[in-house]
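The values are calculated or read from the model by the stated rules, or taken from the named source; none is laboratory data. In this text, all values refer to a predicted model and were calculated from it rather than measured experimentally. Counting neighbours? That spans all protein chains shown, and the Cβs are built from the backbone with ideal geometry, glycine included.
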């Protein structure tokens, strides 16, 4: 699955869980999400959606009480299979709305999809996204082994995404 689709799906999940500050990385197949600012409810929701339930194997994901919050949280992992399942479920829910989008909004899922499209166009092998309230930093490795780092604001990503949508080839590449 392309990064644009995967990141949109992850963004939709983050919107529901109300997580707006995080790090997200991918090795090309799996995604790891971590956030110091998510509530226990948000963490539970993300783990549930990602297939990490409270079975004995996953119950130890939190450190004992008394440690700092950042030491408590372990990454939530999204596999390709989980993302494909979430995408299929969301596609059914959206119905025909998916084709009516004419511009990128400020929704997290739209902004992550824009970053994903950028990663796809650059044939990124791996990436790290650092999403903060005032900035988004994207590090990625290209096929030639070189790395690139870019910094965006939400406004710049909206502008970037809308410029891409205005080009006729954008719509055909992502269908």
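Listed values, structure above:
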| read-out | value |
| --- | --- |
| Residue in the range 4-15 that is over 23 Å from residue 149 (Cβ atoms), surrounded by 20 or more Cβ atoms within 10 Å (Cβ to Cβ), modelled with pLDDT of 90 or more and more than 11 Å from the chain's Cα centre (by Cα) present | no |
| Some residue of the range 14-29 being under 18 Å from residue 114 (Cβ atoms), in contact with a helix residue (DSSP H, G or I) (Cβ under 8 Å, 6 or more places away or on another chain) and assigned to a helix (DSSP H, G or I) | yes |
| Residue within the range 78-101 that is at pLDDT 90 or above and assigned to a strand (DSSP E or B) present | yes |
| Candidates 156, 74 - the one that is touching a helix residue (DSSP H, G or I) at 6+ places or on another chain (Cβ under 7 Å) and modelled with pLDDT of 85 or more | 74 |
| Residues located in the range 103-132, provided they are out of contact with any helix residue (DSSP H, G or I) (no Cβ under 7 Å at 6 or more places or on another chain) and modelled with pLDDT under 90 | 105 |
